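The values are calculated or read from the model by the stated rules, or taken from the named source; none is laboratory data. Just so it is clear, the model here is predicted, and its values are computed rather than measured. Cβ: placed from backbone, ideal geometry, glycine included. Neighbour counts: every protein chain shown.
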Amino acid sequence: MTISKVLSKLSMTALSAAFVIIGTTSNAQAAGLLLNGFGGDAGFGALALPRNDDGSSNELNLPFQINFFGNTFNNFYVNNNGNLTFRDPLSQFTPDPFPIANQPIIAPYWSDVDTRCLTCGEVYVASPNLDTVVVTWNNVGYFSSNSDRTNTFQTVLRNRNDTGVGNFDIEFRYNNLEWTTGDASGGVNGLGGTPAQAGFDAGDNLNFLTLPGSRTADVLNLQNTSNLPNPVPGLWSFAVRNGELPGATPANPLLPVVIDDAFNFDFNIADPTQPVFIDPPVAIGYDYIVDLGPNITSVILPTGIGDDLYDLYNFDTIANDFVDSGIDITGGFAFDFAPGGVDRFRILGIEPSAGLDPNDITAFVTGLTFTNAGQVQLRQIPISQNTTPTPVPEPTTILGSFVALGFGHKLHKMRSQSKNKAA
């Protein structure tokens, strides 16, 4: 039976069947890692496609319209290899680095999934309500028909029309990751070769976001890490607002991976003159340190915090320490560093009386511009809230990825990889 015949009944009606009600404003941290209870043989809803290798669903209706970086979509495809696409189905099994042209994609775990093995699970799709779509890869194996290691993960799309037309949230939920690579992608026993990639890409060679460890063995760590202010291992959440990436505006800042009390960012600069807004929790100040990439050329600090005046400290290479520049920066105004920019600076002067909540993800949104385009790895290290400010000891640098290595341009199966298809 063909895939199109199997999925011919998966229309808006099926996708909007109300198995359980999940509100769009529900707390993801309290909802449990894997969303289920949607009916079907595994509790994850209807089969998206039969057991296969490199297959895709037919075109499915979204129960709500999304604005995905300037493109409006009402339909999508579920691809067996761990991703959703919006213009065409995608059979490619080895992930190319983002960005890829003309293929808008949301990829919780783009890899060579093979569900033909009798002891592994399958791929399901459900719409618990008209504001939610859940796609689940449940205990899926890897090519060629291997089930000695299996992965279980979900992607959830949530309608956020309450914040603007076409706005939506993307969630990636990793319950169990045991393998990274199929046999035809250079893998041996599910590891090595070219590992899986996670993230999303507008298909315009400009707007894309890649999760930490993608296309490396460290991609398995997605099940142990999170970008939530109060981390839930395995849960990642992103807000797409007004068709823009997180970090485009103060209202939708780029959130860090929190490791050892430091806030770690790894992102791509497409337009070095356009501010990128990042938001770690703070106490009375913090250090900004670029570990890789272009220098910082300007900073915009927030308003409404105490007297809106902040003390700028520059780094003295001879003293190997930050020293007071004697310059006060006013919140809301861009402060330009000297030509060539800086790779680090310190901000102090946040009054303890301001009472900033370290768990408030909108506590202290900062805008940064850079000398040129490219990948940036940046740490923000909070200053402890003592009478005499002293920096929190710097942890070993472990960088989270938010937009990094891209997907390439091969959108079809590479026969040269000699993938041996089973009958």
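Details
Yes or no, residue by residue, for (1) buried (at least 17 other Cβ atoms within 10 Å of the Cβ); (2) within 30 Å of the chain's Cα centre (by Cα); (3) assigned by TED's automatic domain parsing to the domain that holds GLN377; (4) under 21 Å from LEU292 (Cα atoms):
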site	(1), (2), (3), (4)
ASP311	yes, no, yes, no
ASN320	no, no, yes, yes
ASP324	no, no, yes, no
ARG346	yes, yes, yes, yes
GLY349	yes, no, yes, no
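- Identity of the residue in the stretch 169-201, in a loop (DSSP other than H, G, I, E, B) and on the phi > 0 side of the Ramachandran plot, that ends up surrounded by the most Cβ atoms within 10 Å (Cβ to Cβ): GLY190
- Verdict on LEU209 being touching a residue at least 60 places away in the same chain (Cβ under 8 Å), in contact with a strand residue (DSSP E or B) (Cβ under 6 Å, 6 or more places away or on another chain), under 30 Å from GLY247 (Cα atoms) and surrounded by fewer than 21 Cβ atoms within 10 Å (Cβ to Cβ): no
- For LYS413, the requirement of being surrounded by 13 or more Cβ atoms within 10 Å (Cβ to Cβ), part of a loop (DSSP other than H, G, I, E, B), of a type in the set (Lys, Arg) and at pLDDT below 80 is met.
- For ASN81, the conditions (1) farther than 16 Å from ARG51 by Cβ; (2) assigned to a loop (DSSP other than H, G, I, E, B); (3) under 20 Å from the mean Cα position of the chain (by Cα) all hold with the exception of (1).
- Under the condition of being outside any strand (DSSP E or B), out of contact with any Leu (no Cβ under 7 Å at 6 or more places or on another chain) and of a type outside the set (D, E, K, R), the residues counted in the stretch 41-78 number 9.
- Residue that is surrounded by the fewest Cβ atoms within 10 Å (Cβ to Cβ), among those in the stretch 111-149 that are under 30 Å from ASP162 (Cβ atoms) and among the aromatic types (Phe, Trp, Tyr): TYR124
- Flag if PRO89 is part of a loop (DSSP other than H, G, I, E, B) and at pLDDT 90 or above: yes
- The selection criterion, being at pLDDT 95 or above and in contact with a Gly (Cβ under 9 Å, 6 or more places away or on another chain), does not hold for ILE100.
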